[in-house]
Amino acid sequence: MLKEKTMAKSELKEGSKAPDFRAESSGGGFLSLSDFEGKHLVLYFYPKDNTPGCNKEACAFRDANAEMKKLGAAVVGVSKDSLASHGKFKEKFSLNFPLLSDPDTKMIGDYGVWKEKTMFGKTALGVVRSTFLIDPEGVIVKIWRRVKVDGHSEQVLAALKEAKGG
């Protein structure tokens, strides 16, 4: 049984302005929300590199990325892991999108995905798997919280097509 308690200031909602961010990217340098102005952004938060669910989710986004790009969208993954860890993760699974490192959980907290979780009687803080679809003006179009990996990239692709009007 998994229970969660939010550690965010306030829960983001669809229709809200996406929180700005600036984080180190596995592609080198830093990425900010403004870098994606004019295109949709699929921003997904995951608990940890090289863990079964995260591997499966990253590979699903990798496989859907070409179609998302055709629709004018970028995919970006975010976790607390270091750039070194992200580099190995990207290489191991041939990931074709950037991963952002957020070791101080600033971005993770701003997006409300840093939560207190209780499992088997133990309580710990961690990232709850979540995805945000952000439109070209920086507005959150769709939010998926407590993501189940199976079929998730297809759900995101469908929502992206709907947001694009088709």
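Every read-out reported here was derived from the displayed coordinates using simple, explicitly stated rules and does not represent laboratory data. Keep in mind the model is a prediction, meaning the values are calculated, not measured. We place every Cβ from the backbone using ideal geometry, glycine too, and count neighbours over all the protein chains shown.
Hey, what's the Cα Rg ratio for region 101-144 versus the globular rule of thumb, 2.2 N^0.38 Å?
1.40
Kindly list the residues of region 117-148 that lie in the label zone of Lys39, defined by a backbone N under 15 Å from the point 7 Å along the Cα-to-C-beta vector.
134-138
Give the span of region 79-166's Cα atoms along each principal axis, as three whole-Å numbers ordered largest to smallest.
Per principal axis, max minus min of the Cα coordinates gives 44, 32, 27 Å.
Using only the alpha-carbon atoms of the chain, report the extent along each of the three principal axes, biggest first, to the nearest angstrom.
Principal extents (largest minus smallest coordinate, Cα): 46, 35, 30 Å.
Considering amide H positions built from the backbone, and no H for Pro or chain starts, which residues 5 or more places from Val75, or on another chain, come under 5 Å of its amide H?
Sorted by chain and number, the residues that satisfy this are Val42.
Can you tell me the alpha carbon radius of gyration of region 30-97 divided by the globular rule-of-thumb value 2.2 N^0.38 Å?
1.09
Excluding same-chain residues fewer than 8 positions from Lys17, which lysines have a Cα within less than 26 Å of its Cα?
Within reach: Lys5, Lys9, Lys39, Lys69, Lys70, Lys80, Lys106, Lys115, Lys142, Lys148, Lys161, Lys164.
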